[in-house]
1. Here are 21, 26, 40: which of them is polar (S, T, N, Q) and under 24 Å from residue 129 (Cβ atoms)?
2. Being among the basic types (Lys, Arg) and outside any helix (DSSP H, G or I) is the filter here; which residues of region 19-67 pass it?
3. Among all residue pairs at least 6 apart or on different chains, which show Cβ distances below 9 Å where the first residue, located in region 81-101, is within 18 Å of residue 20 (Cβ to Cβ) and the second is hydroxyl-bearing (Ser, Thr, Tyr)?
4. Going through region 77-132 one residue at a time, which ones are among the aliphatic types (A, V, I, L, M) and assigned to a loop (DSSP other than H, G, I, E, B)?
5. Can you tell which of 89, 93, 128, 103 is over 12 Å from the mean Cα position of the chain (by Cα) and under 29 Å from residue 6 (Cβ atoms)?
6. Of the conditions (1) in a helix (DSSP H, G or I); (2) more than 23 Å from residue 10 (Cα to Cα); (3) in contact (Cβ under 8 Å) with a residue 24 or more places away in the chain; (4) within 15 Å of the chain's Cα centre (by Cα), residue 70 clears all except one; give me its number.
Amino acid sequence: MKLNSIGLSASKSKLISDDLNTLLANFQRYYQNLRGIHWNIRGKRFFDLHVKFEELYTDANLKVDEIAERILTLGGVPYHTFEDYISNAKVRAGKNISKDEEAIRLIVDSLQELLIIERAILETSAEASDEGTNAMMSDFITEQEKTVWMMKAWLAEEI
């Protein structure tokens, strides 16, 4: 078995890197959604939601960088064009969303899609003994599960 420079299977690292690129594309769409709702939110909850959406997009931007750097660490090349993001994203694009409940629903739906991708990566990275990717996915999942819970509580929906 050929190992890469960090001691992991080169072929398994390639698969993980490809999966991380899918996650990267979806995170970029999620990030853009957050920017859009941050800019366009209207109504009586504007002040609270405007700040919350900025917090979320700032965090998403940091995670985009972490994902890209992990891809590079594994020997891959991160997606970096809008074409790549659009053709590989499953997170739906939110356009012209200004109502609070619709914005929160977009966040929940996006995070649910990200969680599916992250759990699949977690499984693959565990099988490859890739603790770096494994730890990153575990951290992302923990944070995002809490955000989904909070957003669903805001919507007055059951988790």
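1. Working: 26 fails: under 24 Å from residue 129 (Cβ atoms); 40 fails: under 24 Å from residue 129 (Cβ atoms).
Within the list 21, 26, 40, the selection yields 21.
2. Residues of region 19-67 among the basic types (Lys, Arg): 29, 35, 42, 44-45, 52, 63.
Of everything in region 19-67, those that are among the basic types (Lys, Arg) and outside any helix (DSSP H, G or I) turn out to be 42, 44, 45.
3. If the second residue must be hydroxyl-bearing (Ser, Thr, Tyr), the pairs left are 85/79; 88/22; 88/79; 89/22; 89/30; 90/22; 91/30; 91/110.
4. Here is the first cut: in region 77-132, the residues among the aliphatic types (A, V, I, L, M) are 77, 86, 89, 91, 93, 97, 103-104, 106-108, 111, 114-117, 120-122, 126, 128.
77, 89, 91, 93, 97, 128 - these are the residues of region 77-132 that are among the aliphatic types (A, V, I, L, M) and assigned to a loop (DSSP other than H, G, I, E, B).
5. Step by step, each of 89, 93, 128, 103 is checked, and only 128 is over 12 Å from the mean Cα position of the chain (by Cα) and under 29 Å from residue 6 (Cβ atoms).
6. So residue 70 meets the others, but not (2).
Since every read-out is calculated from the coordinates, none of them should be taken as a lab result. Given the structure is predicted, the values throughout are model-derived calculations rather than measurements. Positions of Cβ are backbone-derived with ideal geometry, glycine not excepted, and every protein chain shown enters the neighbour counts.
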